[in-house]
Amino acid sequence: MTGGSWLCLLAPLGGTIVITLLGTRISRVVAAWIATMSVFVGFGGAVWAFVVMQSRQPDSRSEITTAWTWLQSGSFKVGLELLVDPLSVVMMLIVSGVGGLIVLYSIGYMEGDDEERRYFAYISFFVFSMLLLVEGGNLLMLLIGWGLVGLSSYLLIGFWHDRPSAVQAAKKAFVMNAFGDATMALAFFILIAHTNSLSFATDFNAHLSSTAANFVALGLLGGAVAKSAQIPLQTWLPDAMEGPTPVSALIHAATMVTAGVYLIARTHPLFEQARTIELLAAGTGALTLLVAGLIALVQTDIKKVIAYSTMSQIGYMFLGAGVGAYSSGMFHLMTHAFFKALLFMTAGLIIHAVSDEQDIRKLRGLGKLMPFTKWCFLAGALALVGIPPFSGFFSKDPIISSAAALGTWYGWIFFVCGVAGALLTGLYTFRLWFLVFPGEPSPFVREHYHDHNGREGAWTMLVPVGILAVLATFAGWLQWTPHWDPFTKWLAPVAPTLPAAIPTNTQEYYTSAVAVIAGLTGIGIAWAVYSRRSLAIPAAPFWRKLFENKFYFDWLYDRIFYEPAVATANFLRRDFEDPVILQTGPDLGEATLETGGLVRRLQTGLLRTYVLFIAAGAAAVVLAFLIAR
Amino acid sequence: MLGPGVAWYVAVAAVLFGIGSLGVLIRRNTLVVLLSLELMLNAGNLALIAFSRHFHNGAGQIFALAVMAIAASEVCVGLGLVVALNRRRLSLDVDRLSELRG
């Protein structure tokens with residue numbers, strides 16, 4: 001079992017190292033296959049760990065494996081250790097499985113790019129970082145994975161480094177993530193101060209004072225919010241769409257952005273000691289899912305619509321994990337990884353086929369030209385909206401019904417947000433669908449569409465899309481909470497659902513009914529507005545402007561942080577650096593020269609003056625001694 | 001104790017030291033400057049020996065011997081310089097040897 005986890009972790013790292021060291025001695029295709037194989041070998045390791053774990057009793061499925069003591073300072077020790085337990089195995093399977101499919105897809109997508117080898121080295125490094133994050137056996141290892149994920153996403157978003165917008169997006173993502181890393185590190189410092197340990201077992205069983213517990217949970221929430229692009233640290237995610245599309249699928253859908261949900265599920269004992277903060281996480285999720293859904297309504301870039309939908313879906317996961325339904329959050333994480341990667345990859349197929357055009361106002365009627373893409377996208381879209389029997393239905397509704405199970409006033413607010421979010425999801429997803437796929441191809445599409453040897457894309461791109469379409473359709477059947485719940489049972493030893501968040505079957509049924517009706521209503525409105533055109537888009541210029549400016553978050557951050565920083569920097573440049581720092585050097589030099597000019601006159605070269613000075617000096621010393629006596 | 005008191009010896013030493021230092025300050029001839037230096041050193045020796053005898057402590061006499069050794073080596077170096085100057089047909093006037101003026 002532990003062997004599988006080490007294999008899973010180290011295979012992608014090995015892939016990175018091999019590609020980096022071999023450099024230009026291998027062809028691009030070889031580099032691509034090394035990366036793909038390394039991630040799939042990692043997936044094999046994860047499956048191995050999963051199979052062994054399944055044969056064990058539920059209470060002995062957790063195992064920590066320590067390579068060596070890595071840091072030691074007095075009695076404070078941190079080992080280089082991995083944790084294999086039901087939660088980390090689920091994440092390992094998702095990360096390496098979906099990751100492997102995405103790397104395979106990249107082979108076709110990145111073909112012909114100038115620096116393919118660098119791309120594949122980065123992407124397997126990313127998978128390694130993500131696996132380190134989910135397998136880390138103590139909080140420090142988790143933080144290292146957390147930081148490395150930030151680094152590799154920076155590298156991947158800025159992969160096309162000759163585009164200024166990509167470089168800026170990469171910097172933005174890095175800075176916002178660094179903010180979260182810092183709050184997380186602060187939370188860990190508090191934990192070290194109170195428990196002198198960063199191991200999961202010690203920290204999770206420690207009883208902290210309520211202030212300490214609140215601060216720790218708040219720090220962890222800061223990290224989760226930054227990594228998962230929730231309000232108020234969400235602005236980096238849409239910009240990060242500057243990266244290659246497979247990167248968007250990998251980082252911004254399947255793995256990295258969901259790390260926040262994993263963090264909450266992993267550290268839930270700490271959050272449960274600070275229930276207010278945990279509910280704050282749920283509230284953040286509820287707010288984000290609405291705001292992101294509203295912004296997605298007016299986006300015109302196909303990838304940005306999907307990016308905002310990702311933010312919105314992670315909002316659901318935060319909502320689930322925040323109210324205490326960790327397994328529902330994790331289950332939605334899994335199905336979301338499938339259908340969102342699927343949506344990004346079908347978007348990638350489209351972008352690839354129409355000469356890198358991403359504006360949905362120009363893309364019309366693609367369904368006729370790309371039937372396979374069309375049906376796969378439809379599967380992903382229905383899963384996203386949560387229409388049975390697609391997977392989103394089985395994973396999203398338990399989250400909303402858990403909010404209903406809470407029952408207090410905030411529980412009902414969460415419930416209403418969740419249902420409203422379902423309506424918005426139906427609306428923005430099928431706006432995209434009705435704009436892009438049905439009908440006759442637009443002139444732009446006719447002019448620019450080119451197939452790939454008679455198919456819609458290279459086979460390396462079509463195969464992963466097909467596999468994910470199957471998963472997006474059927475993966476949800478793994479669990480339908482009113483009737484069978486193997487996933488929840490599987491996670492129960494690590495992250496049991498809080499009793500308050502367990503809904504009754506009645507609650508499940510009416511939530512599902514309401515949510516599906518909301519989703520269908522959204523689809524219906526989208527159909528009426530964008531396909532039949534019997535409903536006009538409401539003018540409401542104020543709201544339109546608000547959504548198009550993404551609720552003015554970027555504007556606000558520019559005013560609060562960026563512009564004051566630039567002003568301060570300019571002020572210091574003008575009034576401090578120039579007059580003080582830059583002027584000091586020459587001034588010192590001149591002063592030294594002047595003093596030297598004065599002092600050199602003492603150096604007469606005449607022996608007698610030197611003697612006179614010595615004699616006078618000696619006389620002065622003698623005199624001083626005489627007087628001092 | 002025979003002879004004059006220690007004060008007289010010290011006075012003589014002071015006079016010798018003064019004459020020596022005046023010689024160093026005033027005379028221009030390198031050789032005479034060296035002579036005057038010797039005079040100063042020996043004034044110091046005289047004072048050392050006088051005090052040594054006064055306090056019945058042999059250390060002063062040993063110290064005087066060390067000073068003589070140093071004086072001898074100093075004279076060696078000094079006279080060596082004088083000979084070297086003379087060989088290069090340079091003036092022996094210390095005031096004209098002012099190459100090191102700043």
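The values are calculated or read from the model by the stated rules, or taken from the named source; none is laboratory data. Fair warning: this is a prediction, and the values are worked out from it, not measured in the lab. A quick note on method: Cβ atoms are made from the backbone with ideal geometry, for glycine too, and the neighbour counts reach across all protein chains shown. Protein only, heavy atoms only, side chains kept; ligands, DNA and RNA dropped before computing areas. Shrake-Rupley method; radii C 1.70, N 1.55, O 1.52, S 1.80 Å.
Before moving on, here are some points about what is shown:
- Within the accessible area of the stretch A:1-151 (1.4 Å probe), percent carbon and sulfur: 64 percent
- Förster-model FRET efficiency, 30 Å R0, A:Ala628 and B:Arg53, C-beta, rounded to 0.05: 0.60
- Model label points for A:Arg25 and B:Leu92, set 7 angstrom from Cα along the Cα-to-Cβ axis, are 8.2 nm apart.
- Normalised radius of gyration (Cα atoms, divided by 2.2 N^0.38 Å) for the stretch B:1-89: 1.29.
- Working from label points 7 Å from Cα in the Cα-to-Cβ sense, the A:Arg446 to B:Ala7 distance is 13.3 nm.
- Shown for the stretch A:588-608: residues covered by the partner protein chains by 10 Å² or more of accessible area relative to the chain by itself (probe radius 1.4 Å), namely A:Arg600, A:Gln603, A:Thr604, A:Gly605, A:Leu606, A:Leu607, A:Arg608.
- Only Lys, Arg (+1) and Asp, Glu (-1) charged, at Cβ; chain A dipole about Cα centre in debye: 320 debye
- Column: log10 I(q)/I(0), Debye, Cα scatterers of the stretch A:406-449, q = 0.14, 0.27 Å⁻¹: -0.52, -0.88
- Percent carbon-and-sulfur accessible area, the stretch A:163-247, ignoring ligands, DNA and RNA, probe 1.4 Å: 69 percent
- With a 10 Å cut-off around each Cβ of B:15-24, the average count of Cβ atoms from other chains is 1.
- Phi to ³J(HN,Hα) by Karplus 6.51 cos²θ - 1.76 cosθ + 1.60 over the stretch A:296-306, Hz, x for Gly, Pro: 4, 5, 10, 6, 10, 8, 4, 6, 5, 4, 5
- Computed E for A:Ala193/A:Arg544 - FRET, C-beta separation, R0 41 angstrom, nearest 0.05: 0.25
- Distance between modelled label sites at A:Trp477 and A:Asn453, nm, 7 Å Cα→Cβ extension: 3.3 nm
- Prolate/oblate/rounded label for chain A (Cα gyration tensor, a/c 1.5): prolate
- Solvent-accessible area buried by B and A, counting both chains, probe 1.4 angstrom, square angstrom: 900 Å²
- Candidates B:Val75, B:Val83, B:Val12, ranked by Gaussian network fluctuation over chain B, Cα under 10 Å, top entry: B:Val83
- When the other protein chains are added to the chain by itself, burial of at least 50 square angstrom of heavy-atom accessible area (probe 1.4 Å, ligands and nucleic acids ignored) affects these residues of the stretch B:83-102: B:Asp95, B:Gly102.
- Whole-Hz couplings from phi, Karplus 6.51/-1.76/1.60, listed for the stretch A:182-197; x for Gly and Pro: 5, 5, 5, 4, 4, 4, 5, 4, 4, 4, 4, 4, 8, 10, 6, 7
- Computed lengthening from A:Thr2 to A:Ala620, 0.36 nm per intervening residue step minus Cα-Cα distance: 214.0 nm
- Listed cross-link partners A:Lys374/A:Lys396; A:Lys227/A:Lys368; A:Lys172/A:Lys550; A:Lys368/A:Lys550; A:Lys340/A:Lys368; A:Lys227/A:Lys550 are compared with a 27 Å cut-off, the Cα-Cα value being larger for A:Lys227/A:Lys368; A:Lys368/A:Lys550.
- CD proxy at 222 nm, helix term only [per DSSP H run n ≥ 4: -39500 (n - 2.57); per residue of chain A; nearest 500]: -23000 deg cm²/dmol
- Computed over the stretch A:42-138, the ratio Rg/Rh where both radii use C-alpha atoms and Rh is Kirkwood: 1.10
- Paramagnetic label reach from A:Phe76 (point 7 Å along Cα→Cβ; backbone nitrogen cut-off under 13 Å): within the stretch A:170-208, residues A:185-199.
- Classified by the C-alpha gyration tensor, the stretch B:37-78 has an oblate form. Its axis ratio a/c, with a ≥ b ≥ c, is 1.5 or above, and a/b does not exceed b/c.
- Gained length - A:Ser531 relative to A:Leu556, 0.36 nm times residue gap less alpha-carbon distance: 5.4 nm
- Summed over the residues of the stretch A:568-629 and divided among them, the accessible surface reaches 84 Å² per residue at a probe radius of 1.4 Å.
- For A:Thr202 and A:Ala591, the difference between the fully extended length at 0.36 nm per residue and the C-alpha to C-alpha distance is 133.8 nm.
- Label-zone membership for the stretch B:17-59, site B:Val77, 7 angstrom Cα→C-beta point, backbone N under 16 Å: B:34-35, B:37-38, B:41
- Loop sites in the stretch B:55-102: trypsin sites (Lys or Arg not before Pro), DSSP, at most 10 other Cβ within 10 Å: B:Arg88, B:Arg89, B:Arg101
- Per-selection Kirkwood Rh - the stretch A:256-397 (Cα, Å, 1 d.p.): 15.9 Å
- For the stretch A:65-200, the per residue solvent-accessible surface stands at 33 Å², with DNA, RNA and ligands left out and a 1.4 Å probe.
- Here's the picture: charge each Lys and Arg Cβ at +1 and each Asp and Glu Cβ at -1 in the stretch A:288-398, and of A:Ala353, A:Ala337, A:Ala296 the one pushed furthest to the positive end of that dipole is A:Ala353.
- Backbone N within the stretch A:398-440 under 15 Å of label point (7 Å from A:Thr506 Cα along the Cβ vector): A:404-407
- Heavy-atom surface analysis with a 1.4 Å probe gives chain B a carbon and sulfur content of 70 percent of its accessible area.
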